[in-house]
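First comes the structure, then the notes that go with it.
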Amino acid sequence: MARRAEPVEIPEVDALPGYPLPHERNRLIGHANTEQSLLEAYRSERLHHAWILGGPKGIGKATLAFRFARFVIANPDRFGPAVAAAGNLDLPDEHPVTRQLKAGGHPNILHLRRPWDEKSKRFKADLPVDEVRRTVSFFGTTASTKAWRICIVDAADDMNISSANALLKILEEPPEQCLFLVLSHAPGRLLPTIRSRCRRLDLEPLGANLISQGLKELAPEAASSDEDLLEISQTADGSLRSAITLLSGDGLAISRGVRQLANSADRLDLAAVHALADLVSARGQTDNWESFQHILQIWLHERMRQDLQGGVRNAYSYVELWEKTNQAIRDAEALNLDRKQVVLDFFFALRAL
């Protein structure tokens, strides 16, 4: 008798091992005003069919999108007493919609994100047009006249030109009883035609107190000391995701190492650079790699602001350095190149400035 094959678990892009995904998490850290704006819009006379939720990566955009979608699916009558009485988008943990989403999905919610390529064993570099075209069958299925269907694009920044145009086409001719929640880390870079067909809500980076609160809630056993928790909260630059990655692996050591070496790049300690590069590129330490990228971005932004305020022309050189390093990071991930070389090249280029 042939053995039945075990089901293959497909990885989720941007998942943090040991932490709940946005569709599994009912609670949102911060952003009460933005949530209230969505609630007020939902029960207003005119509800826009498409929304851009903008803001830096890891601050809660996807969690808010699923929180809103959960509320809408559970309360399809926008003018009913339940919606009128609601003070926020809370839905009980035992509600069927909450349980369905936590279990993996809901038939009336389509979540578009970069897919896993089983052949190459890595996520695709962009959100391809075939994924966006899933909206055709999703919105084409028969549904109750009262049922909402919601598409969450996570994140629109990952779209290529073909997938962006495919999304634009359906935004121009939206079906009945539909909502689009388009998440973007940099809304200003989206196609102007997409921006013009959406209402935009920007989420602010989280304050250090909210970051600390989120860490205590999601990782109560991980913080080794109040001092480490404070440093992580301040270093995370408003991103709870970045705080979690800093808390995992060697995030604090990488943060301190990057800043120390970058601030003394004119007299670069080569042994320390190689040690940091080994730490960042250690096999299986994806948290270290992500922490390095995050700290690098923060440091460069700080340096550019300082130089621009001081009238120093080097700020433009730092922009060019960040663009080149970003491209090197993308190439390393797409082509499975040596991450250590990316770290070394950055510091050597910084020393040359």
field: Tally of residues being of a type outside the set (D, E), crowded, with 16+ Cβ neighbours inside 10 Å and outside any strand (DSSP E or B) across the range 116-128
entry: 2
task: Would you mind finding the one in I73, I52 that is assigned to a helix (DSSP H, G or I), more than 21 Å from Y19 (Cβ to Cβ) and touching a residue at least 12 places away in the same chain (Cβ under 8 Å)?
output: I73
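Suppose we keep only residues that are open to solvent by 60 Å² or more (accessible area, probe 1.4 Å) and at pLDDT 95 or above within the range 25-41. Which one would you say is farthest from I194 (Cα to Cα)?
It comes out as A32.
Residue-wise test of (1) over 26 Å from the mean Cα position of the chain (by Cα); (2) exposed (fewer than 14 other Cβ atoms within 10 Å of the Cβ).
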| position | (1), (2) |
| --- | --- |
| R267 | yes, yes |
| Q293 | no, no |
| Q327 | no, yes |
| L335 | no, yes |
| L344 | yes, no |
| F347 | yes, no |
field: Residues of the range 309-353 that turn out to be assigned to a helix (DSSP H, G or I), acidic (D, E) and at pLDDT 85 or above, as a count
entry: 4
query: Quick one: how many residues across the range 211-245 are surrounded by fewer than 20 Cβ atoms within 10 Å (Cβ to Cβ), under 18 Å from L28 (Cα atoms) and among the aliphatic types (A, V, I, L, M)?
result: 2
- request: Mind counting the residues in the range 42-65 that are open to solvent by less than 30 Å² (accessible area, probe 1.4 Å) and under 29 Å from I295 (Cα atoms)?
  value: 12
Whichever residue in the range 66-103 is open to solvent by 20 Å² or more (accessible area, probe 1.4 Å) and touching a His at 6+ places or on another chain (Cβ under 8 Å) and, among such residues, is nearest to V182 (Cα to Cα): I73
task: Could you grab me the full set of residues in the range 188-210 that are farther than 17 Å from G60 by Cβ, open to solvent by 40 Å² or more (accessible area, probe 1.4 Å) and of a type in the set (A, V, I, L, M)?
output: L191
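Every residue, every condition in (1) assigned to a loop (DSSP other than H, G, I, E, B); (2) surrounded by fewer than 19 Cβ atoms within 10 Å (Cβ to Cβ), yes or no:
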{"site": "H106", "(1), (2)": "yes, no"}
{"site": "H111", "(1), (2)": "no, no"}
{"site": "T135", "(1), (2)": "no, no"}
{"site": "F139", "(1), (2)": "no, yes"}
{"site": "S162", "(1), (2)": "no, yes"}
{"site": "N165", "(1), (2)": "no, yes"}
field: Residue among L28, L21, L38 that alone is touching a Phe, Trp or Tyr at 6+ places or on another chain (Cβ under 6 Å) and under 21 Å from A74 (Cα atoms)
entry: L38
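Every residue in the range 281-291 that is open to solvent by less than 40 Å² (accessible area, probe 1.4 Å), polar (S, T, N, Q) and in a loop (DSSP other than H, G, I, E, B), please. Reasoning before the result, please.
Filtering the range 281-291 for residues open to solvent by less than 40 Å² (accessible area, probe 1.4 Å) gives 281-282, 287-289, 291.
Retained after the next criterion (residues that are polar (S, T, N, Q)): 281, 288, 291.
Result: S281, single match.
Given the criteria open to solvent by 80 Å² or more (accessible area, probe 1.4 Å) and either within 19 Å of the chain's Cα centre (by Cα) or at negative phi (or both), does E131 qualify?
No.
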field: Filter result for L168 (at pLDDT 95 or above, out of contact with any Ser or Thr (no Cβ under 6 Å at 6 or more places or on another chain) and at negative phi)
entry: no
message: So, R46, is that one of a type in the set (K, R) and part of a helix (DSSP H, G or I) or not?
response: no
message: Being under 24 Å from the mean Cα position of the chain (by Cα) and among the polar types (S, T, N, Q): is that true of S37 here?
response: yes
- prompt: From the list L210, L240, L201, L215, which residue is within 30 Å of E173 (Cβ to Cβ), within 20 Å of the chain's Cα centre (by Cα) and among the aliphatic types (A, V, I, L, M)?
  reply: L201
- request: Go over the candidates A277, A262 one by one and state the one that is over 24 Å from the mean Cα position of the chain (by Cα), surrounded by fewer than 21 Cβ atoms within 10 Å (Cβ to Cβ) and at pLDDT 85 or above.
  value: A262
message: I'd like to check something: does the range 154-163 contain any residue that is in contact with a helix residue (DSSP H, G or I) (Cβ under 6 Å, 6 or more places away or on another chain), among the polar types (S, T, N, Q) and in contact (Cβ under 8 Å) with a residue 24 or more places away in the chain?
response: yes
message: Quick test for you: out of K61, K102, pick the one residue that is at pLDDT below 95 and among the charged types (D, E, K, R).
response: K102
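The values are calculated or read from the model by the stated rules, or taken from the named source; none is laboratory data. Keep in mind it's a predicted model, so treat the numbers as computed, not measured. Methodologically, a virtual Cβ is constructed for each residue, glycine included, from the backbone with ideal geometry; neighbour enumeration extends over all protein chains shown. Please note that ligands, DNA and RNA were not included when accessible areas were found on the heavy atoms of the full protein model with its side chains. Shrake-Rupley method; radii C 1.70, N 1.55, O 1.52, S 1.80 Å.
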